[in-house]
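Down below is the structure, laid out as structure tokens.
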Amino acid sequence: MLQKPRSRGRSSAQAEKDRDGSRDKDARAPRGGVADEAPSTSRGPGGSQEALGTSSQGARRAQAAPTVGPRTQKQLELKVAELVQFLLIKDQRKIPIKRTDILKHVIGDYKDIFPDLLKLASERLQYVFGYKLVELEPKSNTYILINTLEPVEEDAEVRGDQGTPTTGLLMIVLGLIFMKGNTIKETEVWDFLRRLGVYPTKKHLIFGDPKKLITEDFVRQRYLEYRRIPHTDPVDYEFQWGPRTNLETSKMKVLKFVAKVHNQDPKDWPAQYCEALADEEKRARPESSGPAPSS
């Protein structure tokens, strides 16, 4: 998601990887330093004795299977975004995606956490882009993406009426607004979306022109309110929920969506959960007490 997608899957994926490599070099540098020092500090006396006795053999082993230190959250997010982009581009050809290709072209030295990366990428594909990653046949190690425009019943309440894949992006933006106190700066929205591989100045494989979609289409459809913040230099804008959002969904549904994306419980955000509960009570009040008398 870090490279402008093209119709030719392999070249776009490689170009995207090359571009992202420059950003990942700095992020991987500290881990490389840890890996270089690890043989003499993490293997104990046995490791030191082996290094003294068979230095060349130890060097070859270290080169073949380097010690991997912990990754930062930013490193993981970049790798997941890269994997999602790779899968989306490969799917354009409608040819099953081989696990060996994923490992070779994307995963690299993250093989030790490949299952976790694949799980995170699968969740993002489903909830943001409307695609489900499935294994073509059991134990085949080949995957395809299937369109999930019709949500399963248990997700219908959370996601609302999902007519197009853009609904996932809209729900992400609505969630950001709600979690930030019902108003959020545009710069903060793009800071977050960049972590998903969605950029304001790059055409996206699924969303087309993301900036136009968010700042014009969603605004025209009245899902979002978009206004300039006074006295800002450089000029900045802010988002709020539009009137259509309040009619078609609720704070509790959006909070449940956010919780599901993060694999957490809505109650893990006490302030937002209390606000969502209050909103639910307010919405239920007219139904339980009948039409309000006109004043």
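Between residue 109 and residue 237, the FRET efficiency estimated from the beta carbon spacing at R0 = 45 angstrom works out to 0.65. Label positions at residue 180 and residue 264, each projected 7 Å from the Cα along the C-beta direction, are separated by 1.7 nm. For the stretch 135-141, the Karplus equation 6.51 cos²θ - 1.76 cosθ + 1.60, evaluated at θ = phi - 60°, returns couplings of 7, 4, 9, x, 6, 8, 6 Hz by residue, with Gly and Pro reported as x. Coupling constants for the stretch 217-231 follow from the phi torsions by the Karplus curve (6.51 cos²θ - 1.76 cosθ + 1.60, θ = phi - 60°), and in residue order they are 5, 5, 6, 5, 7, 6, 7, 10, 9, 9, 9, 6, 8, x, 6 Hz; glycine and proline get x.
As a calculated quantity, the FRET efficiency between residue 202 and residue 285 at R0 = 41 Å, using C-beta atoms, amounts to about 0.35. In this structure the amide hydrogen of residue 204, modeled in the peptide plane, comes within under 5 Å of the amide hydrogens of 209, none closer than 5 places in sequence on its chain. Peptides 177-188, 72-83 ranked from most to least packed, by the mean per-residue count of other Cβ atoms within 10 Å: 72-83, 177-188. If I take R0 = 25 Å and measure r between the Cβ atoms of residue 220 and residue 188 in this structure, what FRET efficiency does the formula 1/(1 + (r/R0)^6) give, to the nearest 0.05? Calculated value: 0.70. Peptide packing for 128-134, 214-220 was compared via the average number of neighbouring C-beta atoms within 10 Å per residue; ordered from the highest value, the list is 128-134, 214-220.
Structure note, pairs 104/253; 90/251; 139/203; 132/256; 74/202; 132/267: Cα-Cα distances above 29 angstrom occur for 104/253; 90/251; 139/203.
Once the Cα-Cα distance is subtracted from the 0.36 nm per residue extended length, the residue 93 to residue 147 segment shows a gain of 18.0 nm.
All of the numbers you see were taken from the coordinates with simple rules; none came from a lab. This structure is a prediction, so every number in the text was calculated from the model and none was measured. No Cβ is skipped: glycine too gets one built from the backbone with ideal geometry, and neighbour counts run over all protein chains shown.
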